[in-house]
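*Asks:* Dropping a structure here in structure tokens format, bear with me for questions.
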Amino acid sequence: MYLKNIYLRGFKSFGTKSNLSFEPGISIIVGPNGSGKSNIVDAISWVLGEQSPKSLRSTSMGDVIFKNKNEELAIAEVSLIFDNTDRILPVEFAEVKFTRRIYIKGGSEYFINSSPCRLADIQDITAESGIGKGLYTIISQGQVNNVILYKPVDRKHIIDEIIGVSRHKIRRDKSRERLNSIESDVNRVSDLLHEVKRTLDPLAIEAQKSKIFFDLSQEMKNQEISLFISNINQLNKKWDDEEANFERNSSELDEIDRKIQIINAQKREFESLFYKEKEDFNKLEDKFNTFNILENKLINLKSMALSQKTSVETIINMINFSISDISNTFNNKDIFKEDSSGKQIVERKEIESAVEKIDGLINMVGEFFKKIRELIDENRTRELDRYEEVFVRELNSIKNIFYLTNKDSDEAQEDITVKPAIAENKMIKIEDRLKRLKEIMEYAQKNMNNLNLFLKKSVNLLEASKKLDDEINIKLDREKEKINSSQPKLNRYYEELNKLGSKKHFLENEIYRSNLKKEQIKEKVKDLSIKIFDEYNMPVDYIVKNFKQSENVEQCEARVRELRGELLKYKNVNPNAHIEFEKVKERFEFLDKQRNDLNESRKNLEKLILELNQKIKEYFSDKFNEINENFKYYFKILFPLGEGELLLTEIDESDDFGIDIKADIGNNKSVSLQLLSGGEKALVSIAYLFAIFAVNSSPFYIFDEIDAALDDANLSRFLTLARIFAQGRQIIMITHQKKTMEVADIIYGFTMQSNGVTKIVSEKIRDNYVQAG
């Protein structure tokens, strides 16, 4: 493996694309000061991961981008191509290209074979190849002069870095840091365990009570939920029963309503016929009753007429008799007597007797006409009143004719003197009046004849009504018997309707009761569901799917009552104590396990550190002996008359040790390393570094003017060593020495152009190089 090419673009003084090709052997880069030779060293360090601008001789990372007075690039890029045919780099490529790119705006990118990657990826690949950062594959003049002045521990550090012990030390130091961290963690975990233990012990007692309380609560929960499901199922069964009753009663009610409608229709049809018959019967009965009333009136009227007839006839006879008597009285000449003077006089007692008869007749006439009014039609009473008035007036006129008393005289006259002519004239008038009275009586007699005719007809009518009455009675009996025969049937309709109505009322009550019970069941289910949800925060659907009903409800209810009593004993217990205990216990076990794991890790780390220390010691001891032999060999080449040796020195207060250099350059000078000349210091340092390089070779080495302090004699010895060391290795040297140029296989000449861009000129000196193995 060797460095095959370097491509530069925009890095420091390489403003244009530049390419340097290298081969195994010694490559020399020459050029005046400021031509950009050391920029090649900086470029290689930069690609391999150098992050310090100071190490790159810059103030900031942006300073590595090319710029001059007229031009400033925005990007700098450097690529290193390695020949990897021997697969020293752990990749499956014959050539491996590492690229780093930086932008003037900031940001840096890395590539492996043009694929983006991280710096860590490049460092992982180069870690085992000896070209990583800090492995002293690139040595400048200042470093060579300083190696001799390093402290023993620093010199040993160089060996550790180059031979790979540092990796083990880093691992050991990290293990120690981890061990210290574990010690701290163990102490912290132990403190936590102590605190948790203090909480855990009293909590265990509470947890035991809480566990009992929890178990009782869980049993209570299961019992109550099982009882709830049983109650729900029982209520559902009751609901189904009531629903079945409701459906059955509703069906029966519909059937009863249908029957009631049918019977009502039949009843209405029968009632219409029945009531029509009854109405006809009532009409006939009313007519019969009216007929009987009229018949009774006729009978009464006949009886009254007969009675009145007798009375009237008697009165008529009396009136006729009175009229005849009065007429005879006034026609009797004997009432007129002559007094002593020859005058005709009428005795007062005769007059008064006649007047009394007339007054009696008036009374009989009034009674007569009263009787007549009872017998005749009301429409004829006016005529009768007129006759009565005439009759009475005529009687009063007769009475006035003969009433001769002087109303103005205070003395009563016993006799009344009447002139014959006057007496005759009054008699004529009385006869006229009496005649008229007879005419009136004839009229009354005529009415009496009509009454007799009425009585005769009424007899015929009563006989006819008796026959009709018999016929109507037969018809009434027949209709009544028909109605009486229909009434039971109508009553049966009413009875059936009453039964159906009672049944309907019963069914309606049953339906109402079913609906009421269903509502009560719904309320009970709702109350039970709300109660179980509030108690255990579980919906009914989840309960029904995940729990079973109680097999024995009575035992379940008894157990629930028993559990309630037992739970009262734990009412002051923290119900979550067992949960807290489990959490604290889990934390305690976790911490205890962590402590055990930490202790186990501590033991493993301690064992690992011991193994690493042993390994480092053994490895370093083997390598140090080899390095010491190489140092003696290389020191003899550089100082033929001298002797050099490396010595291990212990470091106070440290388990490490340092490297001391014993150098006798062979000129009878026994001085310390600090008193050696600059060239002598450089040669001792070169011998020290080359002795280490020979043990753990790198694919290439870059020496930047490490020969600057050497005179010709020392330079010759150095070049002799360089040729020996270059066998199988690749060395790139930057120098101003002409003798150094003579050992070159390839020479690159650098010059600085006026625009500040480095110009490269190469020359291949020989082909007989030996390829690095």
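*Asks:* In what order, largest first, do E50, E71, E586 sit by accessible area if the probe radius is 1.4 Å?
*Replies:* On the way: E50 25, E71 90, E586 125 Å².
From most exposed to least exposed: E586, E71, E50.
*Asks:* When the solvent-accessible surface of protein heavy atoms is calculated with a 1.4 angstrom probe, in what order do W239, W46 fall, highest first? Walk me through the numbers on the way to the answer.
*Replies:* On the way: W239 75, W46 0 Å².
Of W239, W46, the descending order of accessible area is W239, W46.
*Asks:* Just list whichever of K169/K681; K475/K499; K623/K764; K738/K764; K156/K681; K4/K105 have alpha carbons separated by over 26 Å in the model shown.
*Replies:* K169/K681; K475/K499; K623/K764; K4/K105
*Asks:* Per residue, what accessible area does segment 626-746 have, given a 1.4 Å probe and all protein chains present, in Å²? Intermediate values should be presented prior to the final figure.
*Replies:* Numbers: 5120 Å² over 121 residues.
Heavy-atom accessible area per residue stands at 42 Å².
*Asks:* While we're looking at this one, here's another question. Given a 1.4 Å probe and the protein chains all in place, what does the accessible area of F213 round to, in Å² to the nearest 10?
*Replies:* Per-residue accessible area (F213): approximately 40 Å².
*Asks:* Counting Lys +1, Arg +1, Asp -1, Glu -1, what net charge surrounds L648 among other residues with beta carbon under 12 Å of its beta carbon? List each step's numbers first, then the result.
*Replies:* Details: positive: R155, K156, K617, K662; negative: E645, E650, D656, D660.
Counting the neighbours of L648, the net charge comes to 0.
*Asks:* Next up: Along the charge dipole of segment 74-125, Cβ charges K/R +1 and D/E -1, which of G107, C117, I88 sits furthest on the positive end?
*Replies:* Farthest towards the positive pole: G107.
*Asks:* What whole number of Å gives the distance from the Cα centroid of segment 14-30 to the Cα centroid of segment 601-661?
*Replies:* 36
*Asks:* Here's a follow-up. At 7 Å along the Cα-to-beta-carbon direction for both S52 and L568, put a label point, then send me their distance in nm to one decimal.
*Replies:* Placing both labels 7 Å beyond Cα along the Cβ direction yields 8.5 nm.
*Asks:* For segment 51-198, which whole-number percentage of the solvent-accessible area (1.4 Å probe, protein heavy atoms only) is attributable to carbon and sulfur atoms? Walk me through the numbers on the way to the answer.
*Replies:* On the way: 3920 of 7910 Å².
Carbon and sulfur together cover 50 percent of it.
The values are calculated or read from the model by the stated rules, or taken from the named source; none is laboratory data. Please read all numbers here as calculations on a predicted model, not as lab measurements. Every residue, glycine as well, gets a Cβ built from its backbone with ideal geometry; the counts of neighbours run over all protein chains shown. Note: accessible area is taken over every heavy atom of the protein model, side chains too, but ligands, DNA and RNA are not part of it. Shrake-Rupley method; radii C 1.70, N 1.55, O 1.52, S 1.80 Å.
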